[in-house]
1. Percent antiparallel among DSSP beta bridges with both residues in the protein assembly as shown, to the nearest 5?
2. Which Cα, out of B:Gly88, B:Trp63, B:Pro7, lies furthest along the positive dipole direction of segment B:7-93 (beta carbon charges, K/R +1, D/E -1)?
3. Per the Cauchy relation, a quarter of the hull surface: what is the mean projected area of the convex hull of the alpha carbons in segment B:128-237, in nm²?
4. Residue by residue through segment B:125-133, which ³J(HN,Hα) values in whole Hz follow from phi under the Karplus form 6.51 cos²θ - 1.76 cosθ + 1.60 (θ = phi - 60°), with glycine and proline marked x?
5. Please check: in the Gaussian network model of chain A (C-alpha springs, under 10 Å), which one of A:Gly303, A:Gly290, A:Gly336 has the largest mean-square fluctuation.
6. Treat every Asp and Glu Cβ in segment B:1-154 as -1 and every Lys and Arg Cβ as +1, leave all other atoms uncharged, and give the resulting dipole magnitude about the Cα centre to the nearest 20 debye.
7. Considering Cα pairs under 8 angstrom that are at least six residues apart, work out the relative contact order of segment B:7-93 and quote it in whole percent.
8. Determine the distance separating the Cα centre of segment A:184-221 from the Cα centre of segment A:4-76; give it in Å without decimals.
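Derivation of every value follows stated rules applied to the coordinates shown; laboratory data play no part. Here the structure is a predicted model, which is why all the values come from computation and not from measurement. Cβ sites come from the backbone with ideal geometry, for glycine too, and all protein chains shown count toward neighbours.
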Amino acid sequence: MNLALSDEQVLLREAARGTLSRYKTLEAAREALDGKDALPDLWEAAKEAGWPGLLISESAGGAGLDVFDAMLVMSECGRVLAGVPLLGHLPATALLDEAGAATDLLAPLAAGERRAAYLPAKPPSDLDSEWTADPAHGAARAALPVAQRAGAEGVRVSGTIAFVPDAPGADLLVGAALLDGEVVAVAIEASQAGVSVEEVRRYDATRGLGHLSLKDAEAGVLASGGADALASAWHLAQALVAAESLGAVETALEVSVAYAKERHTFGRAIGSYQAVKHSLTEVLRQQENGRSLLYYAGWARRGAPAEFPLAANAARSVCGRALDFASRAMISVHGGIGATWEHDAPLYFRRAQLTRRLLGGTGSATDRVAEELLAQAA
Amino acid sequence: MDLDDTPEQAAYRGRVRDWLREHRGEAPVLRGPDALTDEQEIIAARRAWQGKLAEAGLAGVTWPKEFGGQGLGPIEQVICNQEIAAAGVPGILDAIGVGMLGPTIIAHGSEAQKSRYLGPMLHGDEVWCQLFSEPAAGSDLAAVQTRAQQTDDGRWRLNGQKVWTTNAQFSSYGLLLARTDADVAKHNGLTMFVVPMDAEGVTVRGLRQISGEAEFNEVFFDDVLLDSDAVVGGVGAGWGTALTTLMFERVTIGLGGEGLGFNSARFAGAIASDPHASRDPEVRARLGELASELMAVRFTGYRTLTALQRGQIPGPEAGLAKVTIVNGAIKAGELIADVLGPDALEDGGEWAYMISFLPGLKSAGGTEEILRNTIGERVLGLPPEPRLDKGIPFSELRAKEASRA
């Protein structure tokens, strides 16, 4: 029994913090909201740090690390709202690796010479018998793209997927399609004529998003990329969103606590009032619950794979709600100034608002937790 | 990061499991159609079972060997708890004594006290109760008013009242925090005593709760005479001794949170029995939210354990696990009763009992508000609320309170 970070993991986290501290990510996030082309290219930094290959096997040129290591990096990105396109790249490369993609496909992705994006596909549940692409609700709710055989090995894929994280600028798109009624994993070169990615921005400028449209796009079917591998990629993405959210919660809490100690009213620091203290303690409570579940997910991916869907979605559910609460508390503790453009609190609030609605949303992760527990109990 | 046993831990787990498999038939039956119902019989059977667990080394796992323990670490204690739970048999009867009061005596007691009290406590021959809280001293524990005054012959005369005392109705001894000097600041005038519960002047009265059952007691002391050797840890040093007990209480809660039975699997089971509710999105949303928080507690416990293994003392943040457990269970009770309807509220039933039990649990072992204060100050480093009692002799403080009232 040991839930402490290893020395290597502590180093990985500190190196990530150091790397990201070289960029003014928060200022860039604010300026980008005004339409300025202010966001730094963090992919170069990611390449230097070795993050693109985190979840690719060593035999294919990656680092072959655990999902927990990837979550540590995601948390560091979340702390400073850094727009490193890992939410797209990491699940995509993990899926390729798990589905037995060829080394010549994986090696450039591991080195960061090429970048991949994961096309979110939510596995069926008791309430929804179909695989679906984001968004899970509303008029834009979409079925998976459809693949048709073309030649001996390839397929051609048509369909649309909205709000694909990190799709703009990605070289390879990796996700699910329906082939003869079966769900299969496909890899699609983004540069071909049948692929168009419309860059979209919603509320949080640090988050690269694209609407994807496929018209008879050539694609390769991944040999071992069936429903299990695709479900695993979905749950991995939930764990990574959770980790990224936890990092943002940490900053929100630290900044709020610091202000509550220095700001005085009626002759004493506002942090001495129970109303403020209890609100911040609630952030801490939710943050630490989220952290505990990230440990669970990080361990379960290899230690107890059957529990990984439960662990990853529980982590997303708790970390997602923690970020909602923490970002609102951050604004409240700062008073009026916390709701102004100059302050960082609105940036964390914007991050919370958008994240809560991506990749199935916090709600579908919560529903998956219930589903897993009900199935165990039945 | 690893949740698996080391080879040594696996071997220990194997030994515990083997013993339990061989002896589980000797354990008292507390649930199901063959369950014991008579209170006296239950207590007697659980005492005997604790004795067997102690003989087998499954009680007092972390106690030093010289006092009958196993001299092992918290991880073995957790393994032991897990295996006892998995075997479906009751644990020890006197978890308060063995988990909190015994370790306090080991830390602060005299050699004579250790050799007299620890053995019978561990074996369940003498059950102990914790006499700390009072009607006017809970969150502000150092405000206790129970008075112990020294007599001319060096003995102590005890007067006052304690409350929320679990197990007092069948305890042989209690560990009691009393005021021995009201003319110094309130934390300085306290002393810890061992009180024989059969002493003249001790009255135990059951305190009925929302459920109608009396699981706690009020205990009254009227001119109870204690010998001079009843003092634990020195006259005037009672606050430090009490803090030791409270530290062990946090460890017990931190490692045993799931032992309260408020876990996600149990609650999901209640919903799963209703196929319609199992497919209701609102029910699933509520279940998913509360269950994911309750699941976190298990891994927070493992983090606490990791800290203990590394020789670190768990901080007050373990108290946050209690907040999560209690509020998660309250939400679960609401959800299950919403699904099952008024039948869930039938007195004596599983869910009515839980729903009745939880509002009080919110205040037990430190109210939620005081826990949040403590954690906000010690973990987040937020400034304390201004205090009006600092450095003021307790007697003056009382006089002030009375004049304001």
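1. Of the beta bridges lying entirely in the protein assembly as shown, close to 85 percent run antiparallel.
2. Going by the Cα projections, it comes out as B:Pro7.
3. Averaged projected hull area, Cα only: 6.8 nm².
4. 6, 10, 8, 10, 10, 9, 9, 10, 5
5. Among A:Gly303, A:Gly290, A:Gly336, the largest mean-square fluctuation in the Gaussian network model of chain A belongs to A:Gly336.
6. 180 debye
7. 33 percent
8. 23 Å
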